[in-house]
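A quick write-up on the structure given underneath.
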Amino acid sequence: MNWILLVIAGLLETCWAVGLKYTAGFTRPLVSVVVVLTIAASMGLLGLSLRTLPVGTAYAVWVGIGTVGTFVAGAVFLGEPLTFGRTFFLLLLVVALVGLKLTTPDQP
């Protein structure tokens, strides 16, 4: 269950990271409030997942999910470039995240 919470937290990190682009430097109040609430929810779920997951692994996976999601959202919605190099290194990150997940046991 804590891995599921961590994945949701990582997806919310993607939402707030992309949302930052739309706050226009926090000059758009409604968008800014939504981003701040999403940050709080993402961190809250990360904190809940730490009940049984090691902090180093959980934080790395949380940031990794946010990084991959933000990369994909930037390419799909914001027209950011999908070069071979950027995609290759993103895939290396995904391999590292899967490796962390597979080698980290849940703690009681």
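None of the figures in this text is laboratory data; all of them are computed from the coordinates on show. Please read these numbers as outputs of a predicted model, since none were measured by experiment. As a convention, Cβ positions derive from the backbone with ideal geometry for all residues, glycine included, and neighbour counts pool all protein chains shown.
Assign unit charges at the C-beta atoms only (+1 for Lys and Arg, -1 for Asp and Glu), then state the dipole size of the chain relative to its Cα centre in Debye, rounded to the nearest 20. Walk me through the numbers on the way to the answer.
On the way: 5 positive and 3 negative charges, 20 e Å.
Using Cβ point charges on Lys, Arg, Asp and Glu, the chain gives about 100 debye.
The value of relative contact order for region 2-103, using C-alpha pairs under 8 Å at least six residues apart, is 35 percent. Count the net charge of all other residues whose Cβ sits under 13 Å from the Cβ of G74, scoring Lys and Arg as +1 and Asp and Glu as -1. Summing Lys/Arg as +1 and Asp/Glu as -1 gives +1. Count Lys and Arg as plus one, Asp and Glu as minus one, and take only other residues whose Cβ is under 15 Å from that of Y59; the net charge is then +1.
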